[in-house]
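Contents: one structure, followed by commentary.
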Amino acid sequence: MSDKVILAYSGGLDTSVAIKWLKEKYDLEVVTLTVDIGNERDFSSIRSKALNVGASKAIIKDVRKIFVEKFAFPTLQANAVYEGQYPLATALSRPLIAQLLVELALEEGASTVAHGCTGKGNDQVRLEVGIASINPELKVIAPAREWAMTREETIEYAKRYNIPIPITTASPYSIDENLWGRSIECGVIEDPWLEPPNDAYSWTRSPANTPDEVAYIEIGFERGIPVSLNQHEMKSISLVQRLNEIAGSHGIGRIDLVENRLVGIKSRELYEAPAAVVLLEAHEALEALTLSKEQLRFKQKIALEYADLVYNGLWFSTHHQDLTAYVQSTQQFVHGVVRMKLFKGKCSVVGRTSPFSLYNRSLATYDKGDEFDQSAASGFIYIWGLPTKIQAQLQPPDDDKQK
Ligand code: ARG
């Protein structure tokens, strides 16, 4: 009996060809794994396609809840955004897929797992480092990286073996999507000078075609996790879905980025992440109200570090565990509601409130009711400025010496 391989299967051309190729080249029995992370596919036809092309079993797993609650929301709590803009949707899905591949391999008694990534992207790194961190014994095959066929050759191969070629192959872009965002690459957008064509976007309206009325929304947080929308408590998945719709309809969440891939290539990528963009903005506003100056400053450094580790495929690292412990500790009092205005592609925070707010109006006010003891300011300034004053006296600047 031949050994088994678990193949991460999207239903697209490459992974369909991979089913056949793994059987031909390595004489392996192929079990496919397709995950539902909110990518809204027709999973039953993906399943039958896998079986038709030659998989012995085709498994579909709905992991939307785990994805949102264990991957996306902790990243939101960290305010992690790669290179200032990318909320990391694709990057966050890969460690989860890696984990599911490893689990299924154990269940099925397979010694090998496989994925459809090429050798030029970040996803191969995230999957393989993820797999190795959970089960270093598993073997990994990356068919598309090994066969090095061009697009045309892959289509030829598919025709030869009667593998259905999806209509979407005609799409000029390579798309990856989940609840946290949609990533768009390839085709004309590879020219960084070219304005993104409208057909690249599908979750967001062009700001020119959005409603002419301003929309207001209120997002409620507990411990830095969004729990309600417009005063209605909502479950994680529906909250993100709903926000994607609302913000997307106002043209919010389009991102156009030239980014630095882990494998050394600069690439121009487009993203749509309406919910993530709104939630990040709201979460930061609530933190501004509830965290101290030092926490906010240090947390910005952690956010950079956190984003890099997610982008670079180090989700299952001790470094991640350590940063998570810090981030979780900071979220203890991040409760409250943020009010936002959505209009023509832009979301702005217009109000925030929290039972743990550190904002004290009677200290801040210039009106009646001021409780700040202004007479204390002169003593404070005397001590605060003392070292600078002494240094200026004893070590006068060069210009003064020449006078
Ligand atoms: N550049 C992004 C990232 O590395 C998006 C990758 C999209 N992946 C894909 N297979 N189309 O996270």
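Where a number appears in this text, it was derived from the coordinates with a stated rule and is not lab data. What you are looking at is a predicted structure, and each value in this text was computed from that prediction instead of being measured. Backbone-built Cβ (ideal geometry, glycine too); neighbour counts: all protein chains shown.
Counting only residues at least eight positions apart within a chain, or on another chain, the lysines with an alpha carbon under 30 Å from that of LYS368 are LYS293. Rg/Rh, computed from the Cα trace of the chain with Rh as the Kirkwood radius, has the value 1.08.
Please build a GNM for the chain, connecting alpha carbons under 10 Å apart, and tell me which residue among ASP36, ASP308, ASP191 fluctuates the most. Residue with maximal mean-square fluctuation among ASP36, ASP308, ASP191: ASP191. This ranking places VAL349, VAL338, VAL258 by how few other beta-carbon atoms lie within 10 Å of each, fewest first, which gives VAL258, VAL349, VAL338. Here the 3J(HN,Hα) profile of region 88-101, calculated from phi with Karplus coefficients 6.51, -1.76 and 1.60 at θ = phi - 60°, is 6, 3, 4, 4, 6, 7, 5, x, 5, 4, 4, 4, 5, 4 Hz, Gly and Pro shown as x. For the chain, a Gaussian network of Cα nodes joined below 10 Å ranks PRO95, PRO74, PRO87 by mean-square fluctuation, and the top entry is PRO74.
Rounded to the nearest 10 degrees, the inclination of helix 43-53 to the longest alpha-carbon principal axis of the chain is 40 degrees.
DSSP beta bridges in the chain, what fraction antiparallel, as a percent rounded to 5? Roughly 70 percent of the DSSP beta bridges within the chain come out antiparallel.
Ranking LEU194, VAL17, ASN135 by Cα position along the charge dipole of the chain, where only Lys, Arg, Asp and Glu carry charges on their C-beta atoms, puts ASN135 farthest toward the positive end.
Suppose every Lys and Arg Cβ carries +1 and every Asp and Glu Cβ carries -1, with no other charges. What dipole size does region 87-205 come out with about its Cα centre, to the nearest 20 debye?
Values: 10 positive and 17 negative charges, 11 e Å.
In debye, rounded to 20, region 87-205 gives about 60.
Using a Förster radius of 25 Å, what is the FRET efficiency between PHE372 and SER292 based on their Cβ-Cβ separation? Nearest 0.05, please. Intermediate values should be presented prior to the final figure.
Values: r = 18 Å, r/R0 = 0.72.
So, using R0 = 25 Å, E works out to roughly 0.90.
Between LEU239, HIS115, THR210, whose Cα lies farthest towards the positive end of the dipole of the chain when Lys and Arg beta carbons carry +1 and Asp and Glu beta carbons carry -1, centred on the Cα centre? Final value for the positive-end residue is LEU239.
Find out how many positive minus negative residues lie around SER238, taking Lys and Arg as positive, Asp and Glu as negative, among other residues whose Cβ is under 11 Å from that of SER238. After counting each charged neighbour, the total is +2.
Mean-square fluctuations from a GNM of the chain, with a 10 angstrom spring cutoff on Cα atoms, peak among GLU272, GLU287, GLU146 at GLU146.
What does the charge count near ARG94 come to, summing +1 for each Lys or Arg and -1 for each Asp or Glu among other residues with Cβ under 13 Å from its Cβ? Net of charged neighbours comes to -2. Proximity of backbone amide H atoms, modeled 1.01 Å from N, is registered between ILE60 and THR34 at under 5 Å, excluding neighbours fewer than 5 places apart on the same chain. Only bridges whose two residues both fall in region 1-141 count here: according to DSSP, what percent of them are antiparallel, nearest 5? DSSP beta bridges in region 1-141 are roughly 5 percent antiparallel.
Once C-alpha pairs closer than 8 Å and six or more residues apart are averaged by separation and normalised to the residue number of region 114-250, the relative contact order reads 14 percent. Among the listed pairs LYS299/LYS341; LYS70/LYS299; LYS299/LYS344; LYS235/LYS346; LYS4/LYS25, a Cα-Cα separation exceeding 23 Å is found for LYS299/LYS341; LYS299/LYS344; LYS235/LYS346. Electrostatic bookkeeping for GLY336 treats Lys and Arg as +1 and Asp and Glu as -1; over the other residues with beta carbon under 15 Å from its beta carbon, the sum is -3.
Subtracting the Cα-Cα distance of LEU257 and GLU107 from their residue separation scaled by 0.36 nm leaves 50.0 nm. The angle between the Cα long axis of helix 293-311 and the main principal axis of the chain comes to about 10°, on a 0 to 90 degree scale. Compared with the dominant Cα axis of the chain, that is its longest principal axis, helix 318-330 is turned about 40°.
Can you pull a Stokes-Einstein diffusion coefficient for region 272-332 at 20 °C (1.002 mPa s), Rh from Kirkwood over Cα pairs, as a whole number of µm²/s?
On the way: Rh = 12.6 Å.
After rounding, the answer is 170 µm²/s.
Hey, how many Å between the Cα centroid of region 223-237 and the Cα centroid of region 346-366? Computed from Cα coordinates, the inter-centre distance equals 20 Å.
Could you tell me whether region 65-123 comes out rounded, prolate or oblate from its Cα gyration tensor? Rule is a ≥ b ≥ c as square roots of the eigenvalues, rounded for a/c under 1.5, then prolate if a/b exceeds b/c, otherwise oblate. Write out the running numbers ahead of the final one.
Values: a/c = 4.42, a/b = 1.60, b/c = 2.77.
Cα axes put region 65-123 in the oblate bin.
Expected output is a single nm value to one decimal: the length gained when fully extending between LYS266 and SER329, i.e. 0.36 nm times separation in residues minus the C-alpha distance. What is it? Intermediate results must be reported in sequence, preceding the final value.
Values: separation 63, 0.36 × 63 = 22.68 nm, distance 3.53 nm.
My answer for the length gained is 19.2 nm.
In this calculation the C-beta distance from ALA392 to LYS344 is compared with R0 = 35 Å, giving a FRET efficiency of 0.10. By other beta-carbon atoms within 10 Å, ranking LEU291, LEU314 with the fewest at the front produces LEU314, LEU291. Mean sequence separation of contacting Cα pairs (under 8 Å, at least six apart), scaled by the length of the chain, corresponds to a relative contact order of 17 percent. Charging the Cβ of each Asp and Glu at -1 and of each Lys and Arg at +1, and nothing else, the dipole of region 128-189 about its Cα centre rounds to 160 debye.
For the pair SER238 and SER171, label points projected 7 Å from Cα toward Cβ lie 2.8 nm apart. Of interest is the spacing of the C-alpha centroids, which for region 139-218 and region 42-58 amounts to 22 Å.
Let's see if you can work this out: charge +1 on each Lys and Arg Cβ, -1 on each Asp and Glu Cβ, no other charges. What is the dipole magnitude of the chain about its Cα centre, in debye to the nearest 20? Please report the intermediate quantities before stating the final value.
Details: 43 positive and 52 negative charges, 50 e Å.
About 240 debye.
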